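Data block below; observations after.
The values are calculated or read from the model by the stated rules, or taken from the named source; none is laboratory data. These numbers come from a predicted model, not from an experiment. Here Cβ is always computed from backbone atoms with ideal geometry, including for glycine, and neighbour counts include all displayed protein chains. The protein model used for the area step is the full one, side chains on, heavy atoms only, and it has no ligands, DNA or RNA in it. Shrake-Rupley method; radii C 1.70, N 1.55, O 1.52, S 1.80 Å.
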Amino acid sequence: MSEVAPAGKATILVYSDDRSTRGQVRLALGRRVAADLPEIEIVECATHQAVSKTLDAGGIDLVIMDGEAVPAGGMGLCRQVKDEIANCPPVVLMIARVADAWLATWSRADAVVAYPIDPVRLPASVADVLRARLSSGANTR
């Protein structure tokens, strides 16, 4: 029996100061991260100010943050948005070093994926987090 994906779109914010990293994430995610999930729409942000403004406006279902972004890294920014935004969407944090996993835990990320961007692992992690978000009924819209 095939599952029918929900109607509408899930909006994913991708934060990295590096345009090529944002492009790699976009490419890895494609149009849909799993057959049972809605198509995705990606909003790209290159600065922490743009992330704050976009999250304040609402409508974001999930955030992917680059832990290596400069000057504001994704780990610190993740912690900040989790502290400051009511009903903050879940965050998937990309890290470069396995040793940074403890810091990712401190940041309160909902999931952590390692660099290099893996076109199988990243969409699978995003799908797991997005399923949990959508099944909980949490909505930022």
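Below is a table of values for the structure above.
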item: Computed label-point distance, nm, for sites residue 136 and residue 9 using a 7 Å Cα→Cβ extension; result: 2.4
item: Cα gyration tensor shape of segment 13-71, rounded if a/c is under 1.5, else prolate or oblate by comparing a/b with b/c; result: oblate
item: Total charge dipole magnitude, the chain, about the Cα centre, Cβ charges on Lys, Arg, Asp, Glu only, Debye to nearest 20; result: 100
item: Accessible surface of segment 10-106, 1.4 Å probe, proportion on carbon and sulfur as whole %; result: 52
item: Given charges at Cβ of Lys, Arg, Asp, Glu: segment 34-123 dipole, positive-most of 119, 58, 47; result: 47
item: Computed over the chain, Kirkwood Rh from alpha-carbon pairs, angstrom; result: 14.9
item: Shape category assigned to segment 57-124 from the gyration tensor of Cα positions, a/c cut at 1.5; result: oblate
item: Segment 16-110, accessible area per residue, ligands and nucleic acids excluded (1.4 Å, Å²); result: 49
item: Estimated [θ] at 222 nm from DSSP helical runs (n ≥ 4, -39500 (n - 2.57)) normalised by residues in the chain, nearest 500; result: -11000 deg cm²/dmol
